[in-house]
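The values are calculated or read from the model by the stated rules, or taken from the named source; none is laboratory data. Treat the numbers as computed from the prediction; the structure is a model and nothing was measured. For neighbour counting, all protein chains shown are included, and Cβ atoms are generated from backbone atoms with ideal geometry for every residue, glycine included. Note: areas computed on protein heavy atoms with side chains; ligands, DNA, RNA excluded. Shrake-Rupley method; radii C 1.70, N 1.55, O 1.52, S 1.80 Å.
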Amino acid sequence: PTWLQVLLWVTAVLTVTSEASPKKDYYETLGVPSTATEAEIKRAYKKLAMKWHPDKNPDQKELAQREFIAIQSAYEVLGDATKRRRYDNQKSFFSEDSGQQWDGGDRGGGFEPPGDPITTVDQLYEVEKSGEPVLIHVYSDHRHYFGEWMRELAEDIRIVHVNFFTVEEGVLQRLRLARFPMFIICSGTGSSVPYYPSGWDFLNLVEAVRAAVVEVVPYTDRVQLLSSEADLDHFLQLHPMGSSKPRVLVFLNDVRRPVLSVYLAAKRLAGTYHFAQIGAQKWVVSRFKLQRVPSIIVIDPATRQGATQAPLLMQDRTDLLVKQLRRAAEGDHPRSAAIMPEFHEGSFRERCKGEWEGNCGLVALFLVPAALLGTDEAARKALRRFREACKLALRHFGAGCECFWLRHGPGAPGSAWHEALAPLLAINGSAGAEVKGIWVAAVAGRALKMTVFQKSVVDRELAQRDLTQWLQKLLASGAEGLSDQRWPTLDVTELPPLPLPEERLTGPRGFLGVLIDRLSSYSGVLHDSGGQIAQVLVFGLLLGWPLLSNVLTQCRQSSASPVAGVGCQVQVDGLRNHPEYNGLRGKVVSYEPASGATPAKYRVS
């Protein structure tokens, strides 16, 4: 470190020391010796509580409140035999080799730390099973890390507090505390690690804690690390049966550097986005016109277009980053969104509230074969034209229709909708579109009517204009107008079920993938059990294996073998050519019955 860094560190330590108010021992607070009896402690508490009760000190209410709280805290510990014994033994936690300690900032002056207190084992279980990273602050009234820095950290990470002297004994045993003050970082997946700030950490405790947390969480479970152009193309590609969720690409100086806000945003938006990060290599800078890092861009895998013209400078707080991503992808209103959603149960619920009315009285669908958008640029251009035509038509009419795209083909979730439209497409669909299997249709859900755009949308420059005019006429007619003979319509008795969204990037996993997932979940159960189940399995295997082995390799007597069957233990005897083997014991591994003049043969190992 440079002399300037040393000076800053000394200044920070002096500032903390000067701001921290001197703390009284609990015995001093109650005015009793450490050898006081339970009755003496109780008398002292009652006397001081009456003296410093805020209602009895209206002229110095703030001072009385501070004193009254200190008296209550002291009696809560010293008035309980177990907590008092724990308090009396606290010096064992502050041995010479226990590392650097810090008393933290003063909690006086009205400071209310963010986060909730934990006092019971049940509360601790709730924290461990919450599924989110949690910072557990272990403290006492005299030694802690409380300070204003916690407010900034609480914007990203949940903080809870454990008072060493007032918490249930089971909490201390489960956390395996070695000393305090300290932090325990829960990853949100069942694991936890201790963290002891030291040295330069105190210059910026917020960033030090963030760096410690991000090393614990399962970062790559939420954020892919892309190291090559092939990795990038695979991430951006829309796979035939894979997820159509927008891709969030994070640009960093070092692809290996985890960023806590990115992980937390990816976890919060797991149902709507896929996240990956990549280093700012030369080809990355050239391909994305990258100007600075850290930056982000949201990309639609269906059209291969970014939601913004260029990557945006990334916000460094989780809430701000989430808002930035949503604004980039969704705009100020769904009609101005840069990314058109795939038609499935989730998008219909989000855009239409699950009802075929209002803005969703009519739904326009761009039907495309499942494998085409990931490989065919003409299909992607056709979808872009459809998206822009929807924007123009809705900008003119304001509301009345929602636009989606839908995959069809063998195994595709939207095939039922394509089959329902097939009679209409066969008669009125564009012949030019049949080559690629791309059509545009509209559905009036309440009226149970369907219609189709009768011109090709592929490889036609005027397709966007024609689509816009078609949608405008459709909006002017409304869902009820589809009964007019001007529209080629199809009446259905019921609508097909809404497709289910696919969560995985490359599509549903096969039998082997499902088996691996189940084994992973079982390993998680073993981990959460604290190793007890694993120990039982190991000891059961050690004890049971000899018995199991004996069963599997037991002697199988056969009528064809009058002496011994395969697997039987035998003693060799009666050999004339190799008498040196007589008397040895072994196991029969094969048997050849007698044939004519040839005697029976046993192979013993």
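Looking for whichever is farther than 18 Å from residue 342 by Cα and within 38 Å of the chain's Cα centre (by Cα) here; the options are 392, 425, 383, 365. Which one fits?
Of 392, 425, 383, 365, the one residue that is farther than 18 Å from residue 342 by Cα and within 38 Å of the chain's Cα centre (by Cα) is 392.
Can you name the number of the only condition in (1) open to solvent by 20 Å² or more (accessible area, probe 1.4 Å); (2) at pLDDT 85 or above; (3) among the hydroxyl-bearing types (Ser, Thr, Tyr) that residue 95 fails?
(2)
Assess whether residue 251 counts as being modelled with pLDDT of 95 or more, out of contact with any Phe, Trp or Tyr (no Cβ under 8 Å at 6 or more places or on another chain) and either crowded, with 21+ Cβ neighbours inside 10 Å or over 30 Å from residue 378 (Cβ atoms) (or both).
Taking the combined requirement at face value, the residue does not satisfy it.
Go through (1) open to solvent by 20 Å² or more (accessible area, probe 1.4 Å); (2) of a type in the set (A, V, I, L, M, F, W, C); (3) closer than 23 Å to residue 383 by Cα one by one and return the number of the condition residue 299 breaks.
So the condition that residue 299 fails would be (1).
Can you go through 267, 245 and tell me which one is surrounded by 14 or more Cβ atoms within 10 Å (Cβ to Cβ), under 22 Å from residue 375 (Cα atoms) and charged (D, E, K, R)?
245
When residue 138 is evaluated against the numbered criteria (1) under 23 Å from residue 207 (Cα atoms); (2) assigned to a helix (DSSP H, G or I), which criterion, by number, is the only one it fails?
(2)
If residue 146 satisfies all but one of (1) open to solvent by 40 Å² or more (accessible area, probe 1.4 Å); (2) of a type outside the set (A, V, I, L, M); (3) within 30 Å of residue 268 (Cα to Cα), what's the number of the condition it fails?
Here residue 146 clears every test but (1).
Consider region 497-525. How many of its residues are modelled with pLDDT of 75 or more and either more than 24 Å from residue 407 (Cα to Cα) or surrounded by 15 or more Cβ atoms within 10 Å (Cβ to Cβ) (or both)?
Here the count works out to 6.
For every residue, the table says whether it meets (1) assigned to a helix (DSSP H, G or I); (2) open to solvent by 10 Å² or more (accessible area, probe 1.4 Å); (3) among the charged types (D, E, K, R); (4) out of contact with any helix residue (DSSP H, G or I) (no Cβ under 6 Å at 6 or more places or on another chain).
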{"site": "389", "(1), (2), (3), (4)": "yes, no, no, no"}
{"site": "417", "(1), (2), (3), (4)": "yes, no, no, yes"}
{"site": "421", "(1), (2), (3), (4)": "yes, no, no, yes"}
{"site": "427", "(1), (2), (3), (4)": "yes, yes, no, yes"}
{"site": "456", "(1), (2), (3), (4)": "no, yes, no, no"}
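If I go through region 467-482 residue by residue, how many of them are crowded, with 18+ Cβ neighbours inside 10 Å and acidic (Asp, Glu)?
Going through region 467-482 one residue at a time, the tally reaches 0.
In region 73-83, what residues are more than 16 Å from residue 31 (Cβ to Cβ) and either basic (Lys, Arg) or touching a residue at least 24 places away in the same chain (Cβ under 8 Å) (or both)?
76, 81, 82, 83
If I filter region 173-199 down to residues being among the aliphatic types (A, V, I, L, M) and surrounded by fewer than 16 Cβ atoms within 10 Å (Cβ to Cβ), which single residue comes out as modelled with the lowest pLDDT?
It comes out as 178.
Can you spot a residue in region 60-72 that is part of a helix (DSSP H, G or I), within 38 Å of the chain's Cα centre (by Cα) and either at pLDDT 85 or above or within 23 Å of residue 188 (Cα to Cα) (or both)?
No, there is no match, as no residue in region 60-72 is part of a helix (DSSP H, G or I), within 38 Å of the chain's Cα centre (by Cα) and either at pLDDT 85 or above or within 23 Å of residue 188 (Cα to Cα) (or both).
The conditions are (1) of a type outside the set (A, V, I, L, M, F, W, C); (2) without any contact (Cβ under 8 Å) to a residue 60 or more places away in the chain; (3) under 21 Å from residue 387 (Cβ atoms), and residue 316 fails exactly one of them. Which is it?
The failed condition is (3).
Do we find that residue 261 is open to solvent by less than 60 Å² (accessible area, probe 1.4 Å), within 25 Å of residue 503 (Cα to Cα), within 16 Å of the chain's Cα centre (by Cα) and polar (S, T, N, Q) in this structure?
yes
So which pairs qualify, if the first residue must be in region 196-223 and within 25 Å of residue 268 (Cα to Cα), the second must be charged (D, E, K, R) and in a loop (DSSP other than H, G, I, E, B), the Cβ gap must be under 9 Å, and the two must be at least 6 apart or on different chains?
Going by the 9 Å Cβ cut-off, the qualifying pairs are 210/156; 213/156.
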